[in-house]
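Read-outs throughout are calculated quantities, based only on the coordinates presented, and are distinct from any laboratory measurement. These numbers come from a predicted model, not from an experiment. Positions of Cβ are generated from backbone atoms using ideal geometry, with glycine treated the same way; all protein chains shown enter the neighbour counts.
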Amino acid sequence: MSYALLCLAVFAATYMLNIFYVTVLYHRGLTHGAVELHPFTRWLVVHTGNWVTGLDPKGWSAMHRAHHVHSDTELDPHSPRFHSVPALMLVQLRSYNRMLKRLITGDAEANRSVRDLNFDVSWLNRHGLWALPYLLHAGIALALGIVGGWWLLGAAYWLGMMTHPVQGWMVNAFAHKYGGRNFETPDDSRNNTAVAWLVFGEGYQNNHHHSPRSANFAMRSGEVDLGYGLCLLAQKLGAVRVIPLPADASTIGEPYSPTAQ
Ligand SMILES: [Zn+2]
Ligand SMILES: [Zn+2]
């Protein structure tokens with residue numbers, strides 16, 4: 001394999017590692033219960049999630065549940081109805097930090113929203129060490145350059161590992177503003193095909209807001225949810241179990257599993 005191809009492969013692998021953690025484990029797993037995590041997978045996500053993605057699994061879930069409850073109202077942590085598309089990058093970061101603070105300081109409403117997640121906010125965040133994962137990834141990238149002279153490889157690794165804010169921003173900004181709608185949901189959610197391809201199904205926000213407990217975000221012919229493909233692959237490996245949709249259609253619109261309520 002040529003060096004350039006290797007760099008591309010490393011970028012793709014680190015990009016997809018972040019996608020896997022956030023869309024399969026954090027989002028469809030912890031937040032919505034659309035896939036059930038094997039106890040080892042759950043242990044893995046609780047102990048390594050923050051190190052891999054830089055995002056706290058509990059903090060992310062709490063913010064995302066708030067997004068579903070308050071979609072596109074002034075209480076939504078990141079609605080493009082109230083902020084410009086570029087500004088949303090900073091808005092989502094500030095909302096995430098605010099939610100983390102609320103969880104850590106014992107805010108009753110915030111903690112109630114994730115009371116089914118029986119693990120604490122990562123010790124990194126409880127001790128103000130949120131930057132450590134970022135420094136670790138920067139250190140690995142620098143080491144590749146300094147030790148081996150593989151600067152491009154280091155850059156590919158670092159850029160791939162740092163893509164999660166961009167992935168989140170594309171979903172939050174574009175898939176609540178541009179695209180078609182299959183369902184009349186009370187929010188501005190859209191199905192944005194480009195974002196769905198780039199962020200493995202997450203661009204189908206309109207489908208997802210209509211049926212948050214569905215592990216598959218693709219609902220009409222022609223829609224492809226690569227994230228659901230990852231769920232099925234992980235299921236084959238025994239890491240997760242895709243939960244069938246509840247028979248009672250009236251519960252289909254609930255943002256997360258009943259144990260959370
Ligand atoms: Zn949404
Ligand atoms: Zn969701």
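Some observations on this one:
- Spatial offset of region 81-148 relative to region 44-62 amounts to 8 Å, using the alpha carbon center of each.
- Between the beta carbons of residue 108 and residue 82, assuming R0 = 25 Å, the FRET efficiency works out to 0.45 to the nearest 0.05.
- Legend: ranking of residues 43, 158 from fewest to most surrounding C-beta atoms inside 10 Å; resulting order 43, 158.
- The region of the chain that goes longest without hitting one of the trypsin sites (Lys or Arg not before Pro) in a DSSP loop, each with at most 16 other Cβ atoms within 10 Å, is 1-80.
- Couplings 3J(HN,Hα) of region 172-180, computed from phi: 5, 7, 7, 7, 10, 9, 10, x, x Hz, in residue order, whole Hz [Karplus 6.51 cos²θ - 1.76 cosθ + 1.60, θ = phi - 60°; x for Gly and Pro].
- A full extension of the chain between residue 224 and residue 151 corresponds to an added length of 22.7 nm, given 0.36 nm per residue minus the alpha carbon distance.
- Across all directions, the shadow cast by the convex hull of the chain built on its C-alpha atoms averages 14.8 square nanometres.
- Using a simple spin-label model with pseudo-atoms 7 Å out from Cα toward Cβ, residue 94 and residue 232 lie 4.2 nm apart.
- Rough spin-label spacing in nm, given labels placed 7 Å along Cα→Cβ, for residue 13 and residue 159: 1.7
- Taking 182, 172, 207 in turn, the Gaussian network model of the chain (Cα-Cα springs below 10 Å) assigns the largest fluctuation to 182.
- Candidates 66, 215, 34, ranked by Gaussian network fluctuation over the chain, Cα under 10 Å, top entry: 66
- Highest-fluctuation residue, 169, 123, 197 considered, GNM on the chain with Cα pairs under 10 Å: 123
- Relative contact order for the chain: 25 percent, from Cα pairs under 8 Å spaced at least 6 residues apart, divided by residue count.
- With at most 12 other Cβ atoms within 10 Å, longest stretch of the chain clear of loop GluC sites (Glu not before Pro) (DSSP): 75-183
- 11 Å reach of a label modelled at residue 124, 7 Å along Cα-to-Cβ, counting backbone N of region 38-59: 47-57
- Were the residues from residue 69 through residue 166 laid out at 0.36 nm apart, the gain over their Cα-Cα distance would be 32.6 nm.
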